[in-house]
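Q: Would you mind keeping the following structure in view while I ask a few things?
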Amino acid sequence: MSTPPLLFDRRLRRLRASSARGQSSLRREVLDDIGDRLLGRLEGVKRRFERILVAGSSASSLFDGLRRLYPDAVLFHMQEGNTLWDGQGSIAKLCAGVTHVPFAASAFDLVLCVMEHHAVDDLPGSLAQLTRILQPDGLLLSVFPGGETLWQLRYAMLQAEIAQGGGAAPRVMPFVDVRDAGALLQRAGLALPVADIDRIELTYAHPLALVAELRALSETSCLMETVHRPVVRSVLEHFMRIYSTELCDDRGRAKVTIELVFMTGWVPHESQPAPLRPGSAKLHFLDGLGKTTS
């Protein structure tokens, strides 16, 4: 089996996240909001979970909400480069991330993956790893930026580099389209796959204010291809002109789109609903319309 190419500088991403955890109140606010969205989806699930793993960056409010929903559950937190946390004390073992999960098969009945799957080299492999540690009828719920996220930033930088440098580099990370997410869940062996998005439209006083916020969130690009290729001044100036003239609203504020992709899938179990066998229906479609067939 071939090894997936290295697309992301994970070490740099860890360093940025570590710095942001100590300095950015904005990062905590964003993670709080994402946690609320995850909890809102879980509130509609009637299943009671007993062993829960949260993988990736998370705010304390998410754990507070999980304790409220599942007061008897055992919670674990796994974040790349940090020690595992079992809700009470640390377990002295460093994690390699969501593609090398250090747990036995069927160890959990709920896994939440938070803001990780947009920056892994092998997304199908990560989903397979997380599926492996889930019990039958266990639930996997992943959230990450996807689709049209930062399309304005990508467009403006691409045009600026073509105009000023004679070529372009991928300055914005590629994101998974929601239309592909369901197929990825099925490929991982998950049943009842659901992929949906929450679209957020924001504005900033200046394009560089958006860049500054991405830095505060530790979500600037960590692509191996461009991480050591700084943007030259002429490209940056042209980027700001394009953004200001083409991608601002009528008040002159820079627009940006964020799409949060939520992927939900269940490990197959006999209790789950199954599709009917083709041809087994007892009613004809036209009967429901009050018409008869010839």
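The values are calculated or read from the model by the stated rules, or taken from the named source; none is laboratory data. Note that the structure is predicted; figures quoted are calculated from it, not measured. Ideal geometry is used to build each Cβ from the backbone, glycine not excepted, and the neighbour counts take in all protein chains shown. Accessible surface is based on the protein model in full, side chains and every heavy atom, while ligands, DNA and RNA are left aside. Shrake-Rupley method; radii C 1.70, N 1.55, O 1.52, S 1.80 Å.
Q: Could you sort Trp266, Trp151 by accessible area so the largest value comes first, with the probe set to 1.4 Å?
A: Putting Trp266, Trp151 in descending order of accessible area: Trp151, Trp266.
Q: Given a 1.4 Å probe and the protein chains all in place, what does the accessible area of Met78 round to, in Å² to the nearest 10?
A: That residue has around 0 Å² of solvent-accessible surface.
Q: Just add up the charged neighbours of Val211: K/R +1, D/E -1, any other residue whose Cβ is under 11 Å from the Cβ of Val211.
A: Residues near Val211 contribute 0 overall.
Q: Taking a ≥ b ≥ c as the square roots of the eigenvalues of the Cα gyration tensor of segment 229-273, is the shape rounded (a/c under 1.5), prolate (a/b larger than b/c) or oblate?
A: Cα axes put segment 229-273 in the oblate bin.
Q: Give me the net charge for the shell around Ala107: Cβ to Cβ below 10 angstrom, other residues only, Lys and Arg +1, Asp and Glu -1.
A: +1
Q: Report, by chain and number, residues whose modeled amide H sits under 5 Å from the one on Ala191, excluding near sequence neighbours (fewer than 5 apart, same chain).
A: Trp266, Val267
Q: Now, a different point. Just add up the charged neighbours of Leu247: K/R +1, D/E -1, any other residue whose Cβ is under 14 Å from the Cβ of Leu247.
A: 0
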